[in-house]
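Worksheet: one structure, shown below.
The values are calculated or read from the model by the stated rules, or taken from the named source; none is laboratory data. Note that the structure is a prediction, hence the values are computed from the model and not measured. Every residue, glycine as well, gets a Cβ built from its backbone with ideal geometry; the counts of neighbours run over all protein chains shown.
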């Protein structure tokens, strides 16, 4: 499946979303802290305005007592409490001016006049002078005006405090709304960009579990989703191949059972013919003419060819019980060479390059059958020309599936690409190789490129089955310099 050219990482998107969300939350927290600090200052100033109002109220009480008893202590208390109120204004002038700048000015003017009036009245009495009858009402009026001004500060501060609390509540609700909105946006985006493709993948997998095999075709920009889709599609492709192999195996099994019955039926008349030929040869004691001898020889040759074909078919249709043991690869190759030496022309140079320490877990006779067939194929490919066959073996470690593409450019068929440690066996020759249009068919039963009638096209098919039973891989590798087959078998842990 081809995905969009420009792809981005889902992880990076999540990081960006969470960083943005964290930044918004941090900003909201900072604003909240700022508002709480402001509210703290408001509450502290509320205490100041309350103390200020109480100071002015205390000044009025001491004023009342003074005019009732004319005690010096009441006068001093009056002046002291009013001075304390003035100090509170001076030390918190910014806040008081924020509440009412005009009232601050008015209070300061009234306070100075009030203190002056109280001082003049008190000093006159202490010197024995009669008090001004109009002074007391004027002082009381000014004192009331001071209390009214203090009340303005008190009421304004209460109003501002309530407004601040309302703003804090509104802001808190706004934070909740913003966070809820962000969560909804994230859920919607995640549902559209992330969960929707996953739902489609789930639907595709459900189809597979119900027996259908369809690749998932979704266009997304996220690398992780694309990787998941690619993995699922690879699995689907493998399932398709396995399904085909299963169907193919069932057909081959049915064909094998049928051929087994046919060979049994053929074997009986062939045995009778062979017996009849033996009788003809020993016959009546008469000398056989040259023509008779030739015909009898031809019959014997054809009988032998039929038996050979029956043997091949019997080997194809019957499963062997493998006796698996760890055996030195070099030993199997050397013994195979001894068995096959007479069948390889002298003009063909056979080179064996295998480390003595390489071991494979194999059924020795089956593996010899593999090497005999492959070496005979190489010799047939070279023909009567001078040539070279090379058997090369090595320990190969494949760490990840992509390494297969590095080691093998265009293997046919493609290996399963399972990382691990393998014994790699390459059998290459200097022959012309297999034509490209035939390479995909070479492991199919009854496919052959040879023209002689003795070849039934089962050799490579049987080799492939043997290698698979050994948990290995075999594929054809064709290059300009050399062509041949590569076998991968599991390596022993201590190699």
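Within the range 472-489, does at least one residue satisfy the condition of being part of a loop (DSSP other than H, G, I, E, B), surrounded by fewer than 19 Cβ atoms within 10 Å (Cβ to Cβ) and at pLDDT 70 or above?
The answer is no; no qualifying residue exists.
Check off (1) farther than 16 Å from residue 474 by Cα; (2) modelled with pLDDT of 85 or more; (3) outside any strand (DSSP E or B) for residue 341 and give me the number that stays unchecked.
Exception for residue 341: condition (2).
Can you tell which of 149, 180 is loosely packed, with under 15 Cβ neighbours inside 10 Å and in the same structural domain as residue 83 (by TED's automatic domain parsing)?
Going through 149, 180 in turn, just one is loosely packed, with under 15 Cβ neighbours inside 10 Å and in the same structural domain as residue 83 (by TED's automatic domain parsing): 180.
Given the criteria assigned to a helix (DSSP H, G or I) and closer than 30 Å to residue 25 by Cβ, does residue 139 qualify?
Details: assigned to a helix (DSSP H, G or I): yes; closer than 30 Å to residue 25 by Cβ: no.
Taking the combined requirement at face value, the residue does not satisfy it.
For the condition assigned to a loop (DSSP other than H, G, I, E, B) and either more than 30 Å from residue 392 (Cβ to Cβ) or at pLDDT 70 or above (or both), what is the one hit in 242, 281, 323, 234?
Every option except 323 fails the conditions.
Which condition from (1) modelled with pLDDT under 90; (2) within 30 Å of residue 140 (Cβ to Cβ) is the one that residue 50 breaks?
Status for residue 50: all satisfied but (1).
Being in contact with a helix residue (DSSP H, G or I) (Cβ under 9 Å, 6 or more places away or on another chain), assigned by TED's automatic domain parsing to the domain that holds residue 161, within 22 Å of residue 158 (Cβ to Cβ) and at pLDDT 90 or above: is that true of residue 62 here?
no
So which of 303, 310 ends up being at pLDDT below 75, part of a helix (DSSP H, G or I) and surrounded by 14 or more Cβ atoms within 10 Å (Cβ to Cβ)? Steps first, please.
Values: 303 fails: at pLDDT below 75.
Within the list 303, 310, the selection yields 310.
Given (1) at pLDDT 85 or above; (2) part of a helix (DSSP H, G or I), where does residue 440 come up short, assuming only one miss?
It is condition (1) that residue 440 fails.
Residue-wise test of (1) closer than 30 Å to residue 156 by Cβ; (2) in contact (Cβ under 8 Å) with a residue 12 or more places away in the chain; (3) not in a helix (DSSP H, G or I).
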| site | (1), (2), (3) |
| --- | --- |
| 78 | yes, yes, no |
| 84 | yes, yes, no |
| 89 | yes, yes, no |
| 102 | yes, no, no |
| 111 | yes, yes, no |
| 133 | no, no, yes |
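Taking the range 345-368 on its own, how many of its residues are part of a loop (DSSP other than H, G, I, E, B) and either in contact with a strand residue (DSSP E or B) (Cβ under 6 Å, 6 or more places away or on another chain) or not assigned by TED's automatic domain parsing to the domain that holds residue 461 (or both)?
So the count comes out to 1.
Can you report the number of residues in the range 365-390 which are touching a helix residue (DSSP H, G or I) at 6+ places or on another chain (Cβ under 6 Å) and under 13 Å from residue 351 (Cα atoms)?
Within the range 365-390, the subset touching a helix residue (DSSP H, G or I) at 6+ places or on another chain (Cβ under 6 Å) is 366-368, 370-373, 375, 389.
Then drop every residue that is not under 13 Å from residue 351 (Cα atoms), which leaves 375, 389.
Result for the range 365-390: 2.
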